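Asks: Pasting a structure below so you can have a look.
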Amino acid sequence: MDLTERFINYTEFDTQSSEDSDSVPSTAKQLEFAKYLKKELEDEGLSDVEMDEMGYIYATLKGNTKKKAPVIGFISHYDTSPDCSGKNVKARVIRNYDGNDIELSPGIISSTEKFPELKAHKGEDIIVTDGTTLLGADDKAGIAEIVQAMCYLRDHDEIKHGDIRVAFNPDEEIGMGAHHFNVEKFGCEWAYTMDGGDLGDLEYENFNAAGAKIHIKGVSVHTGYAKDKMINANRLAVEFQDMIPANETPEETEGYQGFYHLLRIESNVESATLSYIIRDHDRDRFKDRKDFMEDCVKKLNEKYGEGTCCAEIHDQYYNMKEKIDPNMHVIDIVLRAMQEAGVPPRVEPIRGGTDGAQLSFKGLPCPNIFAGGVNFHGPYEFVSIQVMEKAVNTIINICKITADYED
């Protein structure tokens with residue numbers, strides 16, 4: 001099976017995760033793909049293939065060198081974003097893309113004006129959707145690349161490498177992917193998530209992240225008798241959001257600038273819940289942002305009465321840079337691997353997070369490498385086959401270089 005066929009096969013599985021679920025994985029349909037993937041790894045001849053009851057898959061490509069090489073790993077997640085449907089994905093390959101607008105379906109256009117990233121892939125073979133679902137390159141491209149690289153190493157014994165571990169997990173898109181990842185079982189000195197964006201992305205700085213739910217308790221009274229009695233939770237929800245700085249939202253920030261992002265509002269007169277995510281690269285500013293949300297709650301309570309508003313704020317993950325800085329050889333190896341694959345590195349902070357961030361804080365240094373997908377989480381997502389091939393070559397080179405690594 002070639003890389004393109006493997007990836008497109010993966011996209012045929014609906015693996016959308018859910019933020020409203022308490023189960024692991026968050027959706028049962030993720031397990032259907034996990035079972036398929038486990039069998040594929042077994043059929044491809046990997047060793048120690050196992051899947052636990054939560055859908056975490058682990059496997060090994062045994063080393064073929066007499067040297068004592070570090071055991072390293074490659075990780076990708078198989079869930080897709082709750083933001084856009086992943087059901088009935090109709091992936092289509094456009095050969096030798098001409099650099100112009102793409103009609104995904106009648107009336108649905110992926111335009112180079114809106115998505116200038118397309119122009120960078122003129123002349124390449126790109127995979128697109130029909131404009132009604134996401135594609136799932138985030139992160140099924142990463143899985144396909146890892147499996148393809150393991151198959152290549154399996155078939156090319158002249159390339160020496162140590163034991164290579166691979167792992168695939170659910171629920172990364174809802175911030176839960178690494179929560180049940182068994183680092184001890186994985187047994188690696190370090191690892192890489194293949195979960196980055198376009199060609200050359202190498203990321204080892206990410207947001208500190210928290211989720212927040214603001215609960216507002218209203219008082220419903222007949223509108224004809226509401227004077228000095230009614231507390232309209234709908235209106236208080238708007239008032240709370242108006243306290244959030246308008247220039248500190250995702251659409252107004254870039255680079256190292258943090259933000260507050262309102263995900264959803266569920267409200268009526270009697271009650272309202274606002275769901276936010278809070279992001280900042282700097283740990284101190286991250287704390288200040290959480291404190292600011294608490295201050296907004298306090299102001300509403302001072303105005304409308306104690307107990308009118310409360311906040312549930314929980315940390316999700318932290319900036320992996322704290323854990324990578326003492327282990328920069330992990331980055332040096334990737335930079336050399338990219339160079340040998342003809343890939344110009346783009347080292348930039350992630351305006352988001354990956355499983356690698358949480359894993360780094362669980363004792364497994366785990367930077368993030370490009371998988372090739374562009375315009376994640378929406379129907380205009382696409383991936384270049386040539387970029388995916390470069391990712392495969394980068395993985396192979398990392399394995400080869402690590403076999404000669406001396407601490």
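The values are calculated or read from the model by the stated rules, or taken from the named source; none is laboratory data. Since the model is a prediction, treat every value here as computed from it, not as a measurement. Quick reminder, even Gly has a Cβ in these numbers, built from the backbone with ideal geometry, and neighbours come from all protein chains shown. Just the protein is used for accessible areas: all its heavy atoms, side chains included, with ligands, DNA and RNA removed. Shrake-Rupley method; radii C 1.70, N 1.55, O 1.52, S 1.80 Å.
Asks: Looking only at the stretch 60-80, which residues are over 16 Å from Glu32 (Cβ atoms) and under 21 Å from the mean Cα position of the chain (by Cα)?
Replies: Once the filter is applied, which keeps residues that are over 16 Å from Glu32 (Cβ atoms) and under 21 Å from the mean Cα position of the chain (by Cα), the stretch 60-80 yields Ile72, Gly73, Phe74, Ile75, Ser76.
Asks: Counting just the residues of the stretch 205-229 that are in contact with a strand residue (DSSP E or B) (Cβ under 7 Å, 6 or more places away or on another chain) and outside any strand (DSSP E or B), which one comes out nearest to Met320 (Cα to Cα)?
Replies: Applying the filter and picking the extreme gives Phe207.
Asks: Residue pairs, Cβ under 8 Å, 6 or more apart or interchain, first in the stretch 359-379 and closer than 14 Å to Thr193 by Cβ and in contact (Cβ under 8 Å) with a residue 12 or more places away in the chain, second of a type in the set (A, V, I, L, M) and open to solvent by 10 Å² or more (accessible area, probe 1.4 Å). List them.
Replies: So the pair list comes out as Leu359/Val183; Lys362/Val183; Leu364/Val183; Asn368/Ile350; Phe370/Leu199; Gly372/Leu199.
Asks: From the list Ala144, Ala178, Ala167, Ala120, which one is of a type in the set (Gly, Ala, Ser), in contact (Cβ under 8 Å) with a residue 12 or more places away in the chain and open to solvent by 40 Å² or more (accessible area, probe 1.4 Å)?
Replies: Sole residue among the options that is of a type in the set (Gly, Ala, Ser), in contact (Cβ under 8 Å) with a residue 12 or more places away in the chain and open to solvent by 40 Å² or more (accessible area, probe 1.4 Å): Ala120.
Asks: If you don't mind, there's one more thing I want to ask. Pull up the stretch 345-357, narrow it to residues that are touching a strand residue (DSSP E or B) at 6+ places or on another chain (Cβ under 7 Å) and open to solvent by 60 Å² or more (accessible area, probe 1.4 Å), then point me to the one that is nearest to Pro250 (Cα to Cα).
Replies: Result: Glu348.
Asks: Gly342 passes all but one of (1) in contact with a strand residue (DSSP E or B) (Cβ under 9 Å, 6 or more places away or on another chain); (2) open to solvent by 30 Å² or more (accessible area, probe 1.4 Å); which number fails?
Replies: Among (1) in contact with a strand residue (DSSP E or B) (Cβ under 9 Å, 6 or more places away or on another chain); (2) open to solvent by 30 Å² or more (accessible area, probe 1.4 Å), the lone unmet condition for Gly342 is (1).
Asks: Since Gly378 meets every condition but one in (1) closer than 22 Å to Thr11 by Cα; (2) surrounded by 16 or more Cβ atoms within 10 Å (Cβ to Cβ), which condition does it not meet?
Replies: (2)
Asks: Next question. Look at Phe240 and say whether it is hydrophobic (A, V, I, L, M, F, W, C) and under 19 Å from the mean Cα position of the chain (by Cα).
Replies: The answer is no for Phe240.
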